[in-house]
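Quick notes on the structure that follows.
The values are calculated or read from the model by the stated rules, or taken from the named source; none is laboratory data. Because the structure is predicted, anything quoted here is derived from the model rather than measured. Counting neighbours? That spans all protein chains shown, and the Cβs are built from the backbone with ideal geometry, glycine included.
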Amino acid sequence: MCTVTYYATPHGIILTHNRDEAPSRSPQAITRIKNEWRTLLFPQDTKAGGTWIISDNKGQTACLLNGAFIKHAHNPPYRRSRGLLLLDAWEQEHPTDFLAQYDCTGIEPFTLLLFSSQIIQEIRWDGVQRYFKTLSVDQPHFWCSSTLYPTAMQERREQVFRNWLRQTTQRKDAKALLDLHYNGSVGDPENDFVMNRGNRVRTVSITQVVKQTHKIQMHYFDLLNEGKDVRKITLRPEIQAPGTLM
């Protein structure tokens, strides 16, 4: 599932996430909770209870994609749903430390992306080994799920994003990125940014996180019911710099 773009602006970041999933697993609103450590925003999966994207009032956002590098054989039962990983981590005082030490054995392959003001961290679990990568916060980035998109199609879809970036006449803001996530096309409805494969799997929602100096806004667009939800949290300074997954 999923298509993700990251774009840095002079005032913050824009993270936009298309969720490709069975239509029965799509919520209609954003969940906001406060635990012992922070205030959280996330859309919650209606089947497994997990989430694919989460933001907190300490300025961190993370998202999850199915698969690591290539499509893997689905081999249940799994010890725990991938979607619960983000909620498990954000129940801890230091989510990145938790993720660095987490035993992924028995978890289906995934790609996890962690965004802070200083660094982007990528962790891929292929079912046997974890792979870590650090990316620049100043450069635009693109990801899509290996379970739905073979390598060649991932490259074609990323090229749509890169071509959009080169269109200097178009303002690069949250609205423009949202338009890209609605209308980005490779000329194939089964592989466009908003995709549909016989209604078995389709793009059920778009979630956009806009982080600015003092606040994070999460916009959730329910494509099945044509609904929308927006939640905002005010950022508070980090007590200490966020850790790394390395």
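Looking only at segment 198-216, count every residue that is of a type in the set (Val, Ile, Thr) and under 13 Å from Ser116 (Cα atoms) and tell me the total.
Start the filter on segment 198-216 by keeping residues that are of a type in the set (Val, Ile, Thr), which leaves 201, 203-204, 206-207, 209-210, 213, 216.
Then drop every residue that is not under 13 Å from Ser116 (Cα atoms), which leaves 209-210, 213, 216.
The number of residues fulfilling the criteria is 4.
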Query raised in the report: Do you know which of the residues in segment 159-216 that are buried (at least 16 other Cβ atoms within 10 Å of the Cβ) and charged (D, E, K, R) is modelled with the lowest pLDDT?
Result: Lys172
Query - First in segment 137-152 and over 22 Å from Glu21 (Cβ atoms), second anywhere and assigned to a loop (DSSP other than H, G, I, E, B), Cβ under 9 Å, 6 or more apart - result: Val137/Ser116; Val137/Ser117; Val137/Gln118; Val137/Ile119; Pro140/Lys172
Report task. Report, ordered by the first and then the second residue, all pairs with beta carbons closer than 7 Å, sequence separation of six or more or different chains, a first member in segment 110-127 that is touching a residue at least 40 places away in the same chain (Cβ under 8 Å) and on the phi > 0 side of the Ramachandran plot, and a second member that is surrounded by fewer than 22 Cβ atoms within 10 Å (Cβ to Cβ) and assigned to a loop (DSSP other than H, G, I, E, B). Result -> Gly127/His72
**Report entry** Residue under evaluation Tyr149, criteria (1) over 30 Å from Thr105 (Cβ atoms); (2) crowded, with 16+ Cβ neighbours inside 10 Å, criterion not met
**Finding:** (1)
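Here are Ser55, Ser146: which of them is over 27 Å from Val230 (Cβ atoms), of a type in the set (Gly, Ala, Ser) and either at pLDDT 95 or above or in contact with a strand residue (DSSP E or B) (Cβ under 8 Å, 6 or more places away or on another chain) (or both)?
Values: Ser55 fails: over 27 Å from Val230 (Cβ atoms).
Checking each option against the conditions leaves just Ser146.
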Query - Arg130 being without any contact (Cβ under 8 Å) to a residue 40 or more places away in the chain, in contact with a strand residue (DSSP E or B) (Cβ under 7 Å, 6 or more places away or on another chain) and among the charged types (D, E, K, R) - result: yes
Query raised in the report: Of all residues in segment 1-48, which are modelled with pLDDT of 95 or more, touching a Phe, Trp or Tyr at 6+ places or on another chain (Cβ under 8 Å) and among the aliphatic types (A, V, I, L, M)?
Result: Val4, Ile13, Ile14, Leu15, Ile30, Leu40
